[in-house]
Structures are given as C-alpha cells and as structure tokens.
Amino acid sequence: MNRKPLANTKVKILDKRQGNSWVWIGLFLALLTIFSLGIASCGAAPAQVTEAATTLPAEISIDQAHELYEEGVFFLDVRSQEEWDDFHAPNSTLIPLDQLESRLDELPDDEQIVVVCRSGNRSQAGRDILLNNDFEQVSSMADGLNAWRSAGYPIQ
C-alpha cells in the first residue's frame, strides 16, 4: 500500500492554516493602515479652505485701501445718498448703513469687501454687520473718504 505518512499530512494542514492566518493578518494590517490614514486626514482642512483663509484685517489705512481698490476689490460706501452725490470713490457701491442689513443679498459673499464712509465710524459698523452675517473677507477703511480725497485718491 502506498499510504502517505500521517505526520506529513499534519504538517501540510498546519502549513495551510499558517498561510491563511498570514492572509488574515495582512488584511487586518492593510485595513488598519487605511483606517488610520482616514482618521488622520479628518483633522486636516481642505486645501481650498486653507488657501482662501487670507482674511483682511478689521481696519485698513487709506493707503492699504487704495492698493486694494487698484486691484479691483469691492468697495462698499455706507454713507447717505446726499453724501454719495457730493463725492464718492469711482466704481464703489452705495448701500446706506441703515439699509445694509436688508440689502445683504446685493453684496458678493465670495470676494473681499472694503467698507467706507465719511470719517471711518459708520464703516466700522457696516463691517461688523457684514461679519455678523457670515461675510468673511471684510475690512473697514480708517479715516474715511474725507482722508481718501485729501490724499489725492480718485473721487467722482
């Protein structure tokens, strides 16, 4: 009779079991690695949010405002219609401060906004209204449009 020795058979069975356990260990380690990478990336902010997080300071000087004006940043004038008619920065948008909260939908929510007024007080209030309504890139111009005009910056 050609029988295989029993000891050899047991060894082969043990080898098969060890092979299966290495497969399971390998799968476990692969899943653990993938899970760990997933958890680690949950805390990281998306790249576009990080890049867009260049917020403006709460208040900027007239010189800084002029630089932004030259770059085409949205200028919001919160003075009255009469003040606007007297003079204003070209290409700025007039929304008087007392109307601002009801007209927020007229403003770009994905652009930088510089809020201006005559002397700088109302522009701070306007800036705060925008910030409290989820506008993130907002600044007010210190000293107002009187100082802007005195510095020789463009007016209409």
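Structure summary
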read-out: Whichever residue in the range 97-120 is among the polar types (S, T, N, Q) and under 12 Å from Asp77 (Cα atoms) and, among such residues, is modelled with the lowest pLDDT; value: Ser119
read-out: Qualifying residue in the range 104-119 (condition: in contact with an Asp or Glu (Cβ under 6 Å, 6 or more places away or on another chain), farther than 17 Å from Ala147 by Cβ and hydrophobic (A, V, I, L, M, F, W, C)); value: no
read-out: Residue in the range 127-156 that is least open to solvent (accessible area, probe 1.4 Å), counting only those that are under 19 Å from Glu67 (Cβ atoms) and assigned to a loop (DSSP other than H, G, I, E, B); value: Ala142
read-out: Some residue of the range 70-82 being of a type in the set (S, T, N, Q), assigned to a helix (DSSP H, G or I), more than 27 Å from the chain's Cα centre (by Cα) and over 21 Å from Thr55 (Cβ atoms); value: yes
read-out: Residue in the range 49-56 that is surrounded by 14 or more Cβ atoms within 10 Å (Cβ to Cβ), among the hydrophobic types (A, V, I, L, M, F, W, C), at pLDDT 55 or above and assigned to a helix (DSSP H, G or I) present; value: no
read-out: Subset of the range 99-126 that is more than 20 Å from the chain's Cα centre (by Cα) and among the hydrophobic types (A, V, I, L, M, F, W, C) - its residue that is surrounded by the most Cβ atoms within 10 Å (Cβ to Cβ); value: Val116
read-out: Of the criteria (1) closer than 18 Å to Val138 by Cβ; (2) of a type outside the set (A, V, I, L, M, F, W, C); (3) at pLDDT 95 or above, which one Pro90 fails; value: (1)
read-out: Pairs, first closer than 14 Å to Ala58 by Cα in the range 130-147, second assigned to a strand (DSSP E or B) and of a type in the set (Asp, Glu), C-beta under 8 Å, six or more apart; value: Ser139/Glu59; Ser140/Glu59; Met141/Glu59; Ala142/Glu59
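The values are calculated or read from the model by the stated rules, or taken from the named source; none is laboratory data. Predicted model only: the values in this text are computed from it and were never measured. Cβ: placed from backbone, ideal geometry, glycine included. Neighbour counts: every protein chain shown. These accessible areas exclude ligands, DNA and RNA; they are computed on the full protein's heavy atoms, side chains included. Shrake-Rupley method; radii C 1.70, N 1.55, O 1.52, S 1.80 Å.
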